[in-house]
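Visitor: Mind having a look at this structure? Questions to follow.
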Amino acid sequence: MTRWKLQKGVLNIGFYILLALFLLIILLPIYYIFLTAFAPGDRVFTQPLTYVPQSLDIIQRYERIFKALPIAQYLFNTIFLATTSTLISLALSFLAAYALARFNFPGTNVILLILLGSTMLPGVSTVIPLFQMFQTFKLMNTLHGLLLLYVSPLLPITVWVLVSFIKQVPTEVEDAAKVDGAGFWSMLWKVVIPMIRPGMATMFVINFIAGWNEFFTPLIFSRGPASKVITMALTEAQVIDASSQFYASWGNMSAVAILVTVPVFIITLICQRQIVEGLSSGVFK
Amino acid sequence: MRRAIARRYLLAYALVLPVVIWRLATSIYPFLYTAYLSFFDNSPVRRTFDFVGLDNYANAFRDINVPSALNFSLFFTVISVSLQVVLALGIAEILNRRFPLRGITRAINLLPWAMSGIVIATAAQWIFNENYGLINDILWRINGQRPLWLVHPDTARMAVVLTDVWKNTAFLAVVYLSGLQGISPELHEAAKIDGANGPRAYWYITLPQLMPLIISTAIFGAIYRVLSFELVYALTSGGPGTSTMLLGYLAYLQAFRVLNFGYASALSMILFGLVLIVGLVGFVFLRRAWARL
């Protein structure tokens, strides 16, 4: 009995050490990346490293970047694409999810499987024909063209997650609304959607973050400021003030990284609980 | 009566139509066309579109890059997924206990997941820098060593794995956490009564209960790794040499640098074949785990 108590004491300290180690491993690289943006010019290269902000040169760094690249446009594009694709995805996925969850029609399982299977298709295996289609229909480097591709991968998971949320809404509630004279659409809008609000909120956050972080699609289909997003600015900012082909400005990259990451961090910290619920419920099949 | 049912079905089809058409047009159809394209020699540069049958596939296996890519895919997938599962199980245990600041910890845990893959991969190139990177600075302070991370093939592979683990373990931990919370407490109580607690309870109760979840996440994890692109694109560009080459990246290079569409299509079909194999093998394991429950 005493042995167990002693072990418990040691276990506690061990637990906290592990916890501290865990937090350190996650936070230190992030801190370091942000820190690099503060180093002036080429004083990024010091040995050993300094872990404290060196100066406030970061303001000038941002000035240089904003002058050299249309970052404001990139930011706007990113916000637009992330928000719009999320809204479209939620709207369409909700309709489809409702039909799949409530109406047991022939093809329900086939559709769910096709949706799931389509997420396993390699990006490169769909990109070449899309590339050609985009050129034919003059969709290259357009926001609406990119929107088509942003929405597409969001649909399967959103549908899957919403199906499981809708199934948890008891049918009696819907029947009661019908008895009260509600039409189909107002029943959906006034009864079902409020009841799955946590699910919708979670998918909103997850879809938005996915849209914000998107890189592969704009890499292939964006050609200029009309549709480029800030994730693309990472490497572009590196070559500003490049004195030679081999000098990559890590400071500039870090400054852009801050722009790309901080909004998402804020969202994550605020919506932490919803994200956790959404991630875990989506996997429970 | 039949008309009412038919009307219901019509409504249902109308509701799913947008999603289905969207996905078919932007995912399924392009995929089928790529499969078709893989049997042609199609290059806008050389202005060719000739049927070549299985030549593209034959060339793929003669290409030095392909076996390297398959080799690294195996290494990367197995090691990264194994590490992530083990670490995520541990983290899930930690997050399941009650301690002050648990909310903040869970939030911090999600930060790597929330970061853009390209940001992490590009930053990792800096962090693994042999002279000025964070990792070598810490290692140097501990025992004076500075491994040549991205210069040497073996360490470059480890760097890719480590970066991948850093980013994705958090997500997995969250999934396992809800799995842990789904295990009915009666099982643990019964175990305590029988005198089993601590490690034994874990091995005989927690793990078997979590096994279907572990296997299904491992399958999806494996598939996701096989399809990995951003990490290799930004961190190593497949190098040094071809030690961190992945099929997805290779196909991208063939398609958009060399503009060899037919060959790139064949490569992506091979990649898809790989995904199928992983999925099928995993499914067999999953069935067994379900049966044991």
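Visitor: Yes or no: A:Pro198 without any contact (Cβ under 8 Å) to a residue 24 or more places away in the chain, more than 13 Å from chain B (Cβ to nearest Cβ), surrounded by fewer than 20 Cβ atoms within 10 Å (Cβ to Cβ) and not small (Gly, Ala, Ser)?
Guide: Spelling it out, it is not the case that A:Pro198 is without any contact (Cβ under 8 Å) to a residue 24 or more places away in the chain, more than 13 Å from chain B (Cβ to nearest Cβ), surrounded by fewer than 20 Cβ atoms within 10 Å (Cβ to Cβ) and not small (Gly, Ala, Ser).
Visitor: Filter segment B:114-142 down to the residues that are facing chain A (nearest Cβ under 8 Å) and not aliphatic (A, V, I, L, M) and list them by number.
Guide: If the condition is that a residue be facing chain A (nearest Cβ under 8 Å) and not aliphatic (A, V, I, L, M), then B:Ser116, B:Gly117, B:Thr122, B:Trp126, B:Asn131, B:Tyr132, B:Asp137, B:Trp140, B:Arg141 are the ones that fit.
Visitor: Also, quick follow-up: Among the residues of segment A:77-100, are any assigned by TED's automatic domain parsing to the domain that holds A:Ser227 and within 22 Å of B:Ala35 (Cβ to Cβ)?
Guide: Here is the first cut: in segment A:77-100, the ones assigned by TED's automatic domain parsing to the domain that holds A:Ser227 are A:77-100.
Now restrict to residues that are within 22 Å of B:Ala35 (Cβ to Cβ): none.
Scanning segment A:77-100, I find no residue that is assigned by TED's automatic domain parsing to the domain that holds A:Ser227 and within 22 Å of B:Ala35 (Cβ to Cβ), so the answer is no.
Visitor: Is there a residue being surrounded by fewer than 18 Cβ atoms within 10 Å (Cβ to Cβ) and small (Gly, Ala, Ser) anywhere in segment B:86-94?
Guide: yes
Visitor: State all residues of segment B:54-64 that are surrounded by 10 or more Cβ atoms within 10 Å (Cβ to Cβ) and either free of Cβ contacts under 8 Å to residues at least 60 places away in the same chain or not hydrophobic (A, V, I, L, M, F, W, C) (or both); if no residue qualifies, say none. Walk me through it before giving the result.
Guide: At the first step, the residues of segment B:54-64 found to be surrounded by 10 or more Cβ atoms within 10 Å (Cβ to Cβ) are B:54-61, B:63-64.
Answer for segment B:54-64, where residues must be surrounded by 10 or more Cβ atoms within 10 Å (Cβ to Cβ) and either free of Cβ contacts under 8 Å to residues at least 60 places away in the same chain or not hydrophobic (A, V, I, L, M, F, W, C) (or both): B:Leu54, B:Asp55, B:Asn56, B:Tyr57, B:Ala58, B:Asn59, B:Phe61, B:Asp63.
Visitor: So, of the residues in segment A:201-223 that are buried (at least 22 other Cβ atoms within 10 Å of the Cβ) and aliphatic (A, V, I, L, M), which turns out to be farthest from A:Leu234 (Cα to Cα)?
Guide: The selected residue is A:Met203.
Visitor: Would you pick out the residues in segment B:42-101 that are of a type in the set (Val, Ile, Thr) and out of contact with any Lys or Arg (no Cβ under 8 Å at 6 or more places or on another chain)?
Guide: If the condition is that a residue be of a type in the set (Val, Ile, Thr) and out of contact with any Lys or Arg (no Cβ under 8 Å at 6 or more places or on another chain), then B:Val45, B:Thr48, B:Val52, B:Ile64, B:Val66, B:Val78, B:Ile79, B:Val85, B:Val86, B:Ile91, B:Ile94 are the ones that fit.
Visitor: Another question, then. Determine the pairs where a residue that is under 7 Å from B:Pro240 (Cβ atoms), located within segment B:151-163, has a partner that is part of a helix (DSSP H, G or I) and not hydroxyl-bearing (Ser, Thr, Tyr) with Cβ atoms under 8 Å apart, the partner being 6 or more residues away or on another chain.
Guide: Once the first residue is under 7 Å from B:Pro240 (Cβ atoms) and sits in segment B:151-163, no partner that is part of a helix (DSSP H, G or I) and not hydroxyl-bearing (Ser, Thr, Tyr) comes close enough.
Visitor: Same structure again: Of all residues in segment A:224-254, count the ones that are assigned to a loop (DSSP other than H, G, I, E, B) and either at pLDDT 80 or above or surrounded by 24 or more Cβ atoms within 10 Å (Cβ to Cβ) (or both).
Guide: Kept after step one, since they are assigned to a loop (DSSP other than H, G, I, E, B), are these residues of segment A:224-254: A:224-229, A:239-249.
Add one more test, that the residue is either at pLDDT 80 or above or surrounded by 24 or more Cβ atoms within 10 Å (Cβ to Cβ) (or both), and what stays is A:224-229.
The number of residues fulfilling the criteria is 6.
Visitor: Can A:Ile65 be described as part of a helix (DSSP H, G or I) and at pLDDT below 90?
Guide: Working: part of a helix (DSSP H, G or I): yes; at pLDDT below 90: yes.
When the stated conditions are applied, A:Ile65 passes them.
Visitor: What's the total number of residues in segment B:131-146 that are touching a helix residue (DSSP H, G or I) at 6+ places or on another chain (Cβ under 6 Å), surrounded by fewer than 17 Cβ atoms within 10 Å (Cβ to Cβ) and of a type outside the set (S, T, N, Q)?
Guide: Final tally of qualifying residues: 1.
Visitor: On the given criteria, is A:Leu219 at the interface with chain B (Cβ under 10 Å from one of its Cβ atoms), assigned to a helix (DSSP H, G or I), closer than 24 Å to A:Ile111 by Cα and of a type outside the set (Asp, Glu)? Please lay out each step first, then the result.
Guide: Values: at the interface with chain B (Cβ under 10 Å from one of its Cβ atoms): yes; assigned to a helix (DSSP H, G or I): yes; closer than 24 Å to A:Ile111 by Cα: no; of a type outside the set (Asp, Glu): yes.
Against the criterion (at the interface with chain B (Cβ under 10 Å from one of its Cβ atoms), assigned to a helix (DSSP H, G or I), closer than 24 Å to A:Ile111 by Cα and of a type outside the set (Asp, Glu)), A:Leu219 does not qualify.
Visitor: Another question about this same structure. Provide a single number: the residues in segment B:191-222 that are among the aliphatic types (A, V, I, L, M), surrounded by 13 or more Cβ atoms within 10 Å (Cβ to Cβ) and without any contact (Cβ under 8 Å) to a residue 60 or more places away in the chain.
Guide: First pass over segment B:191-222, keeping only residues among the aliphatic types (A, V, I, L, M): B:191, B:193, B:196, B:201, B:205, B:207, B:210-211, B:213-215, B:218-219, B:222.
Narrowing further to those that are surrounded by 13 or more Cβ atoms within 10 Å (Cβ to Cβ): B:191, B:196, B:201, B:205, B:210-211, B:213-215, B:218-219, B:222.
So of that shortlist, the ones also without any contact (Cβ under 8 Å) to a residue 60 or more places away in the chain come out as B:191, B:196, B:201, B:205, B:213.
Within segment B:191-222, residues that are among the aliphatic types (A, V, I, L, M), surrounded by 13 or more Cβ atoms within 10 Å (Cβ to Cβ) and without any contact (Cβ under 8 Å) to a residue 60 or more places away in the chain number 5.
Visitor: Please go through segment A:100-129 and pick out each residue that is without any contact (Cβ under 8 Å) to a residue 24 or more places away in the chain, aliphatic (A, V, I, L, M) and facing another protein chain (nearest Cβ under 8 Å).
Guide: Narrowing segment A:100-129 to residues without any contact (Cβ under 8 Å) to a residue 24 or more places away in the chain: A:103-111, A:113-114, A:117, A:120-122, A:124-126, A:128-129.
With the extra rule that they be aliphatic (A, V, I, L, M), the set shrinks to A:110-111, A:113-114, A:120-121, A:124, A:128.
Listed by number, the residues that qualify are A:Ile111, A:Ile114, A:Met120, A:Leu121, A:Val124, A:Ile128.
Visitor: Now for a separate question. For segment B:62-157, give me every one of the helices (runs of 4 or more DSSP H) that falls completely inside it and has 1 or more residues that are in contact with a strand residue (DSSP E or B) (Cβ under 7 Å, 6 or more places away or on another chain).
Guide: Ranges flagged: none.
Visitor: Check whether at least one residue in segment A:155-163 is within 12 Å of another protein chain (Cβ to nearest Cβ), closer than 22 Å to A:Val260 by Cα and crowded, with 18+ Cβ neighbours inside 10 Å, and report yes or no.
Guide: No: zero hits.
Visitor: So which residues in segment B:33-61 are more than 11 Å from chain A (Cβ to nearest Cβ), of a type outside the set (D, E, K, R), under 15 Å from B:Ser265 (Cα atoms) and not in a helix (DSSP H, G or I)?
Guide: Taking segment B:33-61 and keeping what is more than 11 Å from chain A (Cβ to nearest Cβ), we get B:39-41, B:43, B:45-61.
Pick out the ones that are also of a type outside the set (D, E, K, R) and you get B:39-40, B:43, B:45, B:48-49, B:51-54, B:56-61.
Narrowing further to those that are under 15 Å from B:Ser265 (Cα atoms): B:39-40, B:43, B:48-49, B:51-54, B:56-61.
B:Phe39, B:Phe40, B:Ser43, B:Thr48, B:Phe49, B:Phe51, B:Val52, B:Gly53, B:Leu54, listed by residue number.
Visitor: Which pairs turn up if I take residues in segment B:240-265 that are at the interface with another protein chain (Cβ under 10 Å from one of its Cβ atoms) and look for partners that are of a type in the set (D, E, K, R) with beta carbon separation below 7 Å, at least 6 apart in sequence or on another chain?
Guide: From residues that are at the interface with another protein chain (Cβ under 10 Å from one of its Cβ atoms), the pairs are B:Gly262/B:Asp41.
Visitor: Any idea which of B:Asp50, B:Asp41, B:Asp63 is assigned by TED's automatic domain parsing to the domain that holds B:Phe256 and among the acidic types (Asp, Glu)?
Guide: Values: B:Asp50 fails: assigned by TED's automatic domain parsing to the domain that holds B:Phe256; B:Asp41 fails: assigned by TED's automatic domain parsing to the domain that holds B:Phe256.
Exactly one of B:Asp50, B:Asp41, B:Asp63 is assigned by TED's automatic domain parsing to the domain that holds B:Phe256 and among the acidic types (Asp, Glu), namely B:Asp63.
Visitor: Of these, B:Thr217, B:Thr236, which one is of a type in the set (Ser, Thr, Tyr) and within 24 Å of A:Leu234 (Cα to Cα)? So that I can check it myself, show each step before the final result.
Guide: Details: B:Thr217 fails: within 24 Å of A:Leu234 (Cα to Cα).
None of the others qualify; the one that does is B:Thr236.
Visitor: Still on this structure, please answer the following. In this structure, is B:Val258 in contact with a helix residue (DSSP H, G or I) (Cβ under 9 Å, 6 or more places away or on another chain), among the β-branched types (Val, Ile, Thr), in the same structural domain as B:Ile127 (by TED's automatic domain parsing) and assigned to a helix (DSSP H, G or I)?
Guide: Here the answer is no, as B:Val258 does not meet what is asked.
Visitor: Here's a follow-up. Would you mind stating whether B:Asn96 is within 30 Å of B:Leu271 (Cα to Cα) and at pLDDT below 90?
Guide: Criteria not met by B:Asn96.
Visitor: I need the full set of residues from segment B:9-32 which are touching a Ser or Thr at 6+ places or on another chain (Cβ under 9 Å) and more than 7 Å from chain A (Cβ to nearest Cβ), in order please.
Guide: B:Leu24, B:Ala25, B:Tyr29
Visitor: Moving on. Out of all the residues in segment A:222-240, which are closer than 19 Å to A:Ser85 by Cβ and within 11 Å of chain B (Cβ to nearest Cβ)?
Guide: Within segment A:222-240, A:Val229, A:Ile230, A:Thr231, A:Met232 qualify.
The values are calculated or read from the model by the stated rules, or taken from the named source; none is laboratory data. Not measured: the values here are computed from a predicted model. Please note: Cβ atoms are built from the backbone with ideal geometry, for glycine as well, and neighbour counts cover all protein chains shown.
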